[in-house]
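I have placed the structure first, in the form of C-alpha cells, so that the comments after it can refer back to it.
The values are calculated or read from the model by the stated rules, or taken from the named source; none is laboratory data. Please read these numbers as outputs of a predicted model, since none were measured by experiment. Please note: Cβ atoms are built from the backbone with ideal geometry, for glycine as well, and neighbour counts cover all protein chains shown. For accessibility, only protein heavy atoms count, side chains too; no ligands or nucleic acids. Shrake-Rupley method; radii C 1.70, N 1.55, O 1.52, S 1.80 Å.
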Amino acid sequence: MANILIVEDEKNMQNIICEYMHRGGHTCFTADDGVDALMLLKNNPMDLMILDIMMPHLDGFSVCKAAREMSHLPIIMLTAKSDEEDKLKGYEYGVDDYMTKPFSPKILLAKANALLRRTSGTITDLGNNTLGKMISAGKISVNPVAHKVFLDGMEITLTHKEYELLHFFMSNPGQVFSREQLLNRIWGYDFEGNTRTVDTHIKTLRQKLGSEGKSIVTLIRSGYKFEVTK
C-alpha cells in the first residue's frame, strides 16, 4: 500500500516495527542511522517515515530538518522522552506525530495508516474540479494538484502540516477556527499532542509567508482566521 522508511538503530525495535507495517500491507525500507536514512529518502519514493530521535551520526531532529528540504512526506518521530519541549522542537522541524517509547506497535500502525489516509485523501479529493483549481489570496497562491505554494510567484517549501493548515485556511477565508478545531481537522482526533502544536505550526507558517503571514489572524480566546489585509 505504501513505502515506509523506518529509521531506528535498535535492530529488535526496527524488526518489530517492520513486522507490523508488513501486516498492514506496507513495504518497508530500513536505516540504522540518519545518514543512511537521507540517502534512502533521496533515492526512493517514500510515503511516510518513522524516525527515532537518538541515533548515530545524525539525530532525528537533524534528519527531519534535512528531509523537509526534499520531501513533504508525513513523519512520525519515536522518542524515549515525553518532554514537551522536545516534542515542540520536533513540530517546528516538521514532525507530524509522536510515539513515546515504550509504545504499542498496533497503535503505531494505526497512526501511520491515519496519516497515510489523510495524505492520500487530500490527493484523491482533487478529482473535484473546485479543489483542483489554484487558490490565491494576496501574494499567496496554492496549487492543490501539485501540493505547491507560491509567494509572489516564487515557490516556497512548507512541511506537510503547514501546507494542510494553509490550504484549509485559504479554502475557508474569514471563518474563525478554534485551536481544538484545527487540531482535530489537521491532525485528527487520535492525535496525542495539545493545542500548542497548532500555535507552533502557525508561527513557522507565518515566518515562511513573510509579510503575507499577517493574513493568518489571531483572535484572542477564539483561535485563528485567514483574511487578506491591505
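Does region 123-145 hold any residues that are open to solvent by less than 50 Å² (accessible area, probe 1.4 Å) and modelled with pLDDT of 75 or more, and which are they?
Passing the criteria: 135, 137, 140, 141, 142, 143, 144.
Checking the condition closer than 13 Å to residue 51 by Cβ, out of contact with any Pro (no Cβ under 8 Å at 6 or more places or on another chain) and in contact (Cβ under 8 Å) with a residue 24 or more places away in the chain, which residue from 88, 73, 109 passes?
Just a single option satisfies the conditions, and that option is 73.
Quick one: in region 79-115, which of the residues that are in a helix (DSSP H, G or I), among the aliphatic types (A, V, I, L, M) and touching a helix residue (DSSP H, G or I) at 6+ places or on another chain (Cβ under 9 Å) is surrounded by the most Cβ atoms within 10 Å (Cβ to Cβ)?
112
State all residues of region 169-186 that are surrounded by fewer than 17 Cβ atoms within 10 Å (Cβ to Cβ), of a type outside the set (Ser, Thr, Tyr) and farther than 22 Å from residue 49 by Cα; if no residue qualifies, say none.
172, 173, 174, 175, 176, 180, 181
Output the residue which, of all residues in region 149-168 that are open to solvent by 30 Å² or more (accessible area, probe 1.4 Å) and under 15 Å from residue 68 (Cβ atoms), is farthest from the chain's Cα centre (by Cα).
Among those that are open to solvent by 30 Å² or more (accessible area, probe 1.4 Å) and under 15 Å from residue 68 (Cβ atoms), it is 155.
What's the number of the condition residue 219 fails, among (1) modelled with pLDDT of 90 or more; (2) open to solvent by 20 Å² or more (accessible area, probe 1.4 Å); (3) in contact with a Gly (Cβ under 9 Å, 6 or more places away or on another chain); (4) not hydroxyl-bearing (Ser, Thr, Tyr)?
Unmet condition: (3).
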